[in-house]
Amino acid sequence: MIISPSLLAADKNNLVGEANKMKEAGASFIHIDIMDGHFVPATTWDEGVVKTLRPRCQMVLDTHLMIENPLASVAKYCKAGSDIVTFHLEACKDEEEAKKVIDLIHSLHVKAGISIKPNTPVEELDPYLASLDLVLVMSVEPGKGGQKFMPSSLDKIAYLSSKKKEKGYLYLLEVDGGINAETGRLVAKAGAEVLVAGSYLYGKEDYKDRLEALAKL
Ligand code: DX5
Ligand code: ZN
């Protein structure tokens, strides 16, 4: 299992150190939650955080954009040095726009992901699956860390996992929200390939053991 620790739960004054601490513990991805105060009520960082991390952190920079109008902003997150840029399907006005966002990310040689919120039907992803590098299923309402995992995400993960096998799609299947050893086991069984974990890892004395346990799933 690939683990992508979420910096949302880290010490905001030492993001480089907090990312590298997870790398030393065995994580290969680092998850960067960008919130604009519109798509979700909270605000976090802008592309500056990606620029800061890029030269100082040899991890896969997994940028999760919880922002309105991704077509206007994805380019700066790509150019800042993200390896993967994931935007929300709900933030796009129609299918044509979502496809333009994917094409724009790819034109900048960055991997493209789409995320869906808990109330969005998984079939709405169908038109994009062939061209995505990552699909991110939200297992909580996006906007803050430390929430309870929603089991309704399990059917979505199973659907995306079987579609991938059936059609030979290449996307990584990532899950975000309320992940711990117990919920991690459930999503792994359903077919998840990347687990985002924030509050389960950061601020915990035994974060190395926790990370190791998740990685073994
Ligand atoms: C929530 C963010 C998550 C968050 C997860 O909107 O997208 O990445 O950091 O936090 P935990 O793991 O605490 O649920
Ligand atoms: Zn996230």
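The values are calculated or read from the model by the stated rules, or taken from the named source; none is laboratory data. Remember, it's a predicted structure, so these values are computed and weren't measured experimentally. When we count neighbours, we look across all protein chains shown, and the Cβ atoms used for this are built from the backbone with ideal geometry, even at glycine.
In table form, for the structure just shown:
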{"read-out": "Complete set of residues in the stretch 141-172 that are over 21 Å from SER28 (Cα atoms), among the aliphatic types (A, V, I, L, M) and more than 16 Å from ligand 2 (Cβ to nearest atom)", "value": "LEU154, ALA158, LEU160"}
{"read-out": "Odd one out for LYS23 among (1) farther than 25 Å from VAL135 by Cα; (2) away from ligand 2 (no atom under 16 Å from the Cβ)", "value": "(1)"}
{"read-out": "Sole residue being farther than 19 Å from GLU47 by Cβ and crowded, with 18+ Cβ neighbours inside 10 Å, chosen from SER153, SER82, SER131, SER162", "value": "SER153"}
{"read-out": "Among (1) within 20 Å of ILE179 (Cβ to Cβ); (2) more than 16 Å from the chain's Cα centre (by Cα); (3) of a type in the set (D, E, K, R) - the single one ARG54 does not satisfy", "value": "(1)"}
{"read-out": "Single match in VAL85, VAL74 (criterion: modelled with pLDDT of 95 or more, closer than 26 Å to GLY184 by Cβ and either touching a helix residue (DSSP H, G or I) at 6+ places or on another chain (Cβ under 8 Å) or in a helix (DSSP H, G or I) (or both))", "value": "VAL85"}
{"read-out": "Conditions (1) touching a residue at least 60 places away in the same chain (Cβ under 8 Å); (2) in contact with a strand residue (DSSP E or B) (Cβ under 9 Å, 6 or more places away or on another chain): number failed by GLY146", "value": "(2)"}
{"read-out": "Residue under evaluation SER107, criteria (1) touching a residue at least 24 places away in the same chain (Cβ under 8 Å); (2) under 18 Å from PHE87 (Cβ atoms); (3) among the small types (Gly, Ala, Ser), criterion not met", "value": "(1)"}
{"read-out": "Total residues in the stretch 181-215, condition under 16 Å from MET22 (Cβ atoms) and β-branched (Val, Ile, Thr)", "value": "2"}
{"read-out": "Given (1) aliphatic (A, V, I, L, M); (2) within 12 Å of ligand 1 (Cβ to nearest atom); (3) closer than 16 Å to SER28 by Cβ, number of the condition VAL175 does not satisfy", "value": "(3)"}
{"read-out": "So ALA192, is it part of a loop (DSSP other than H, G, I, E, B) and touching a helix residue (DSSP H, G or I) at 6+ places or on another chain (Cβ under 9 Å)", "value": "yes"}
{"read-out": "Selection from the stretch 189-215 of residues that are within 19 Å of SER115 (Cα to Cα) and either out of contact with any strand residue (DSSP E or B) (no Cβ under 8 Å at 6 or more places or on another chain) or within 15 Å of ligand 2 (Cβ to nearest atom) (or both)", "value": "ALA190, ALA192, VAL194, LEU195, VAL196, ALA197, GLY198"}
